[in-house]
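Here's the structure, in structure tokens; my notes come after.
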Amino acid sequence: MKAIKRLLPILVAVAFSMVAFAGVAFAAPGDQLSEPETTIEATNLTAGDSVVYFQLVEWSSSARDWVLTEVGESCGVTLAELKNGISAEEAATIASNVTGSGTSMAVTGTTATATVDAGLYYLLATPADTNKDTVYNPAFVSADYKEGGNTVSFNTTYADSAVLKKSDNTFDKSVDDENQTKYNDVKPGDIIPYKITTKIPSYSGAFTDPTFTITDDFSAGLTLHGDITVTYGNKSTKVTNDDVTITPNTDDGGGFVIEFKDAYLLSDRGVVDVEVTYSAEVTTNAPMSVNAMDNTATLEFSNKPDETETKQDITRHYTFSIDGGLLGGGDEVTKELIKTGTDASGNPISEEVEYYNEKEGAPLSGATFTLTPVAPTTGQAQTKQSTADGRINFSGLDAGTYTLVETAAPAGFIKDSRTFTVTITPTYDTQTPDLLVSYEITITAPESGDTPAYSGGATFEMSNTGETIVKTTASGEGSDTSFINNTQGSELPSTGGMGTTILYIIGGALVLIAGASLIARRVARKQSYVSRVS
């Protein structure tokens with residue numbers, strides 16, 4: 001008891017010094033028990049994570065004082081420094097020097113416990129492979145001779161304490177617009193604004209070479225437009241500075257790489273919010289039935305001292321085509337719109353008759369069509385001619401409504417005078433809103449003269465698991481292929497047209513000639529009369 005009484009003033013002083021530094025170092029012992037064992041506890045873990053401990057300081061009965069353990073002797077911090085409280089720098093030194101597997105703590109749910117001798121312990125938590133959101137830093141807990149009550153909490157509240165806790169990391173990339181869905185389907189020339197938000201964890205010196213890198217990758221059809229703005233803490237940068245390096249992404253088709261430097265990651269700054277804003281321009285006019293464009297952002301960060309983890313977020317955008325190449329179908333093409341030709345009796349004019357959904361037609365080339373967007377659908381009008389197989393390819397289309405008009409028929413054929421309405425309607429996945437699962441192209445036309453009204457269309461279902469595949473199914477009345485036919489012959493004159501006009505012109509000319517002749521004859525008679533009188 002006399003020894004204990006002699007030690008009490010020292011232990012109380014140590015206890016107060018530890019409490020002054022947020023209670024991170026070992027507390028003074030109370031009255032010794034016959035079996036000096038107690039428990040240490042770490043709370044607020046993520047289920048599945050693990051914790052090990054290393055004892056740095058122990059009680060020596062022979063010395064009647066606290067002494068360094070074998071591990072403590074190699075931790076890089078003296079006993080006196082430990083007794084005075086553990087600073088952030090000292091915690092980093094200990095984490096860097098203490099090696100080995102440690103002793104596992106029993107984990108139940110989000111709490112780890114262990115039965116130990118009295119002393120000071122260094123706790124190292126490791127996130128499970130499935131836990132990509134957490135970065136743990138070293139923690140320290142003291143265990144005295146009383147039973148229980150020696151707890152440290154890994155929580156997300158940061159304080160000026162050597163108990164360096166955990167960082168919960170998030171990573172999100174999205175279209176930077178309140179109406180994000182308007183950028184699901186796009187057209188060439190559209191500018192898509194993006195925003196990436198994340199957090200930089202608080203790294204201790206245990207992370208000797210930490211990594212925190214954001215990589216953006218544009219697929220074909222998208223290209224970086226304008227500046228990249230990076231905001232972190234109270235700073236904003238568009239160029240390389242002491243904290244961040246921004247370089248082009250040369251590994252793929254385009255994009256950028258933002259790399260935070262070690263000096264900044266290891267600085268005493270706490271958790272920092274990061275926001276990256278930038279834009280991409282849609283450049284593709286690919287004649288595919290659907291041109292799928294991805295913008296992929298990837299975060300690589302250190303979540304363990306010797307390992308990195310990655311997170312990824314993707315936005316998807318699409319342009320559409322009429323009579324475009326079928327995705328996943330090799331050389332196969334879609335056939336929403338086929339120009340055909342028949343003779344005056346309605347028979348195919350070509351020996352190479354093709355069948356589309358049990359309907360026969362002879363492809364006709366050289367017919368000119370104009371496709372024009374109807375508000376609120378935007379874009380430029382496109383004028384195209386039918387090819388040898390009768391297809392009329394309009395590409396780089398946004399979803400919406402268009403008018404389709406035949407502006408010129410091939411020589412020897414009668415032009416179709418109707419105005420067709422073309423509608424492109426996409427359907428997106430309910431769980432992943434910008435993932436296209438199907439789209440429908442409908443082509444309708446009103447009755448015109450002897451030509452009946454037409455309503456037909458094609459539905460395309462997409463599978464985006466693995467390789468993108470498109471398949472066609474019939475939809476609406478008739479066929480999923482729309483025939484617009486030209487009949488051989490001359491353009492019939494319209495009412496008051498060329499035939500009647502020619503008669504009027506000839507008749508008018510004859511009247512003028514007759515009138516002029518009559519006037520000439522009257523003048524001649526008058527001159528003759530004057531001559532006789534004189």
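For HIS317, HIS225, which order do you get if you count the other beta carbons within 10 Å of each Cβ and list the fewest first? Mind dumping the intermediate values first?
Numbers: HIS317 24, HIS225 15.
Lowest to highest Cβ neighbour count: HIS225, HIS317.
Which of SER167, SER438 has the fewest other C-beta atoms within 10 Å, and how do the rest follow up to the most? It would help to have the intermediate numbers written out before the result.
On the way: SER167 22, SER438 17.
By the 10 Å Cβ count, ascending: SER438, SER167.
Taking the mean number of other Cβ atoms within 10 Å as a proxy for protection, how do you rank 59-65, 285-291, 264-270 from highest to lowest? It would help to have the intermediate numbers written out before the result.
Details: 59-65: 11.1, 285-291: 20.9, 264-270: 15.1.
Ranking, from highest mean packing down: 285-291, 264-270, 59-65.
Under a 5 Å amide H to amide H cut-off, with H placed in plane at 1.01 Å, what residues pair with LEU56 once short-range neighbours are removed?
Here the answer is LEU120, TYR121, TYR122, since their amide H atoms fall under 5 Å of that of LEU56.
Give the order of VAL98, VAL230 when sorted by the count of other beta carbons within 10 angstrom, beginning with the fewest. Can you show the working numbers first?
On the way: VAL98 19, VAL230 23.
Starting with the residue having the fewest Cβ neighbours, the order is VAL98, VAL230.
Would you please put 173-186, 192-205 in order of how densely packed they are, using the mean number of other Cβ atoms within 10 angstrom per residue and starting with the highest? Numbers along the way, then the final one.
Working: 173-186: 16.4, 192-205: 20.7.
Order by mean packing, descending: 192-205, 173-186.
For the pairs LYS199/LYS311; LYS261/LYS304; LYS187/LYS311, flag any whose C-alpha to C-alpha distance is greater than 23 Å.
In this structure, LYS187/LYS311 lie more than 23 Å apart at Cα.
Hey, can you grab everything whose amide H is under 5 Å from the amide H of ASP49? Only 5+ residues off in sequence or another chain; H modelled, so Pro and N-termini drop out.
ALA128
On alpha carbon coordinates alone, what is the Rg over Rh value for the range 171-318, Rh being the Kirkwood radius? Walk me through the numbers before you get to the answer.
Numbers: Rg = 16.3 Å, Rh = 16.2 Å.
Dividing the radius of gyration by the Kirkwood radius yields 1.01.
No value in this document is a laboratory result; all are computed from the given coordinates. Values in this document were obtained by computation on a predicted structure and should not be read as measured data. As a convention, Cβ positions derive from the backbone with ideal geometry for all residues, glycine included, and neighbour counts pool all protein chains shown.
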